[in-house]
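Engineer: Below you'll find the structure I mean.
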Amino acid sequence: MTPVEKIMRTAPVIPVLVIEDAAHARAIAEALVAGGLPVLEVTLRTAAALDAIAEMKKVPGAIVGAGTVVDVAGLDSAIAAGAEFIVSPGLTDNLGKAAVAKNIPFLPGVASAGDIMRGLDLGLTHFKFFPAEANGGLPALKSLIGPFGQCKFCPTGGIKQETAADWLAVPEILCVGGSWLVGKGVPDVAAIESAARAASALRN
């Protein structure tokens, strides 16, 4: 099993996190890990993101990666902050080659057959299907799995607790990305842990 597949199989949901204040990062990570979701994707959408990765890395059991990585500079910054895996919304040759060269688990975003073929050319077989619901939902991904059955996927974007099980029932879908687990503002750790427990129970 490849390192990226091992990460994808760790839990059925990877929380997709937008952290506005790094002071909240550790409490959020502790609640998610306690609820059974140890794989955490911190999106590089805020000024606090890199500090949040470093803070979350201090939580025992947490596997912390960076999302919304769109270029090589972001890749390098995320790795320097301690990211253990990289997620991107799309795939370019530059970013793909750099991630492969760094030998870091990499989950690039794909939305079409062409995207997947570009990834295969780089030696990649594990992808984030994004944006999942806006991109045709489960029927669209099933259609792509047909010719690309050797690939494994983590659909992200618009998926909810109520719909995640439908996606996870497909063997080629190893996990889903979830942004519903953590609200904005000061974290309600009890609510986060409860949401994480419900999500971790989705493993079929």
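The numbers here are math on the coordinates, done by the rules we state, and not lab data. Keep in mind that this is a model prediction, so the values were computed, not measured. Cβ coordinates were reconstructed from backbone atoms using ideal geometry, including for glycine residues, and neighbour counts include every protein chain displayed.
Engineer: Report the Cα centroid-to-centroid distance between the stretch 28-88 and the stretch 99-133 in angstrom, as an integer.
Structural biologist: 19
Engineer: I've got another one for you. Rounded, prolate or oblate: pick one for the stretch 82-203, where a ≥ b ≥ c are the square roots of the eigenvalues of its C-alpha gyration tensor, a/c under 1.5 means rounded, and failing that, prolate if a/b is larger than b/c, else oblate.
Structural biologist: Since a/c reaches 1.5 but b/c is at least a/b, the shape of the stretch 82-203 is classed as oblate.
Engineer: What ranking do M117, M1, M56 get, fewest neighbouring Cβ atoms within 10 angstrom at the top? Don't skip to the end; give the middle numbers.
Structural biologist: On the way: M117 12, M1 8, M56 28.
Listing M117, M1, M56 from fewest to most nearby Cβ atoms yields M1, M117, M56.
Engineer: In Å, what is the Rg of the alpha-carbon atoms in the stretch 11-131, and how long is Dmax?
Structural biologist: Calculated on Cα positions, Rg and Dmax stand at 14.0, 41 Å.
Engineer: May I ask for the Kirkwood hydrodynamic radius of the stretch 1-53, worked out over all distinct Cα pairs and given in angstroms to one decimal? Present the calculation step by step, with values, prior to reporting the outcome.
Structural biologist: Details: mean 1/r = 0.0856 Å⁻¹.
Over the stretch 1-53, the inverse of the mean reciprocal pair distance is 11.7 Å.
Engineer: Based on DSSP H runs of at least 4 residues, each adding -39500 (n - 2.57), what is the mean residue ellipticity at 222 nm of the chain after dividing by all its residues, to the nearest 500 deg cm²/dmol? Write out the running numbers ahead of the final one.
Structural biologist: Numbers: 9 runs with 82 residues, N = 204.
It lands at -11500 deg cm²/dmol.
Engineer: I would also like to ask the following. Quick check: residue separation of A47 and R9 times 0.36 nm, minus the Cα distance between them. What number comes out in nm? Don't skip to the answer; put the middle values down first.
Structural biologist: Values: separation 38, 0.36 × 38 = 13.68 nm, distance 2.97 nm.
Full extension of this stretch gives 10.7 nm more.
Engineer: Return a whole-number percent for the relative contact order of the stretch 16-76, with Cα pairs under 8 Å and 6 or more residues apart as the contact set.
Structural biologist: Numbers: 95 pairs, mean separation 23.3, N = 61.
Computed value for the stretch 16-76: 38 percent relative contact order.
Engineer: List the aspartates and glutamates whose Cα lies under 19 Å from the Cα of K184, skipping any in the same chain that are fewer than 8 positions away.
Structural biologist: Within the straight-line cut-off, K184 pairs with E20, D21, E30, E41, D51, E55, E193.
Engineer: Using the beta-carbon distance between A80 and S112 and R0 = 30 Å, what value does 1/(1 + (r/R0)^6) give for FRET efficiency, to the nearest 0.05? Before the final figure, lay out each step's value.
Structural biologist: Numbers: r = 32 Å, r/R0 = 1.06.
The calculated FRET efficiency here is 0.40.
Engineer: In addition: What is the projected area of the convex hull of the Cα atoms of the chain, averaged over all directions, in nm²? All intermediate terms of the calculation are to be shown ahead of the outcome.
Structural biologist: Numbers: hull surface 39.9 nm².
Result: a mean projected hull area of 10.0 nm².
Engineer: A follow-up question, please. State the extension gain, in nm to one decimal, for the chain segment bounded by L122 and S200, taking 0.36 nm per residue of separation less the distance between their alpha-carbons. Spell out each step's value before the answer.
Structural biologist: Working: separation 78, 0.36 × 78 = 28.08 nm, distance 3.19 nm.
That pair, L122 and S200, stretches by 24.9 nm at full extension.
Engineer: Next question, about the same structure. Looking at the stretch 22-162, how many pairs of lysines come closer than 21 Å at the Cα, when each pair is eight or more places apart or spans two chains?
Structural biologist: So the count works out to 10.
Engineer: Among V186, V87, V33, whose mean-square fluctuation peaks in a Gaussian network model of the chain (Cα, cutoff 10 Å)?
Structural biologist: V186
Engineer: Taking the inverse of the average 1/r across all pairs of different Cα atoms in the stretch 72-126, what Kirkwood radius in Å do you get? Show your work: numbers first, answer last.
Structural biologist: Numbers: mean 1/r = 0.0893 Å⁻¹.
Radius from the Kirkwood sum: 11.2 Å.
Engineer: Express the relative contact order of the stretch 1-118 as a whole percentage, based on alpha carbon pairs under 8 Å and six or more residues apart in sequence. Write down the numbers at each step before the final one.
Structural biologist: Working: 206 pairs, mean separation 24.1, N = 118.
So the answer I get is 20 percent.
Engineer: Let me ask something else about it. Once you have the Cα-Cα distance between T163 and Q150, take 0.36 nm times their residue separation minus that, and quote the gain in nm to one decimal.
Structural biologist: Details: separation 13, 0.36 × 13 = 4.68 nm, distance 2.43 nm.
Going from the current span to full extension adds 2.2 nm.
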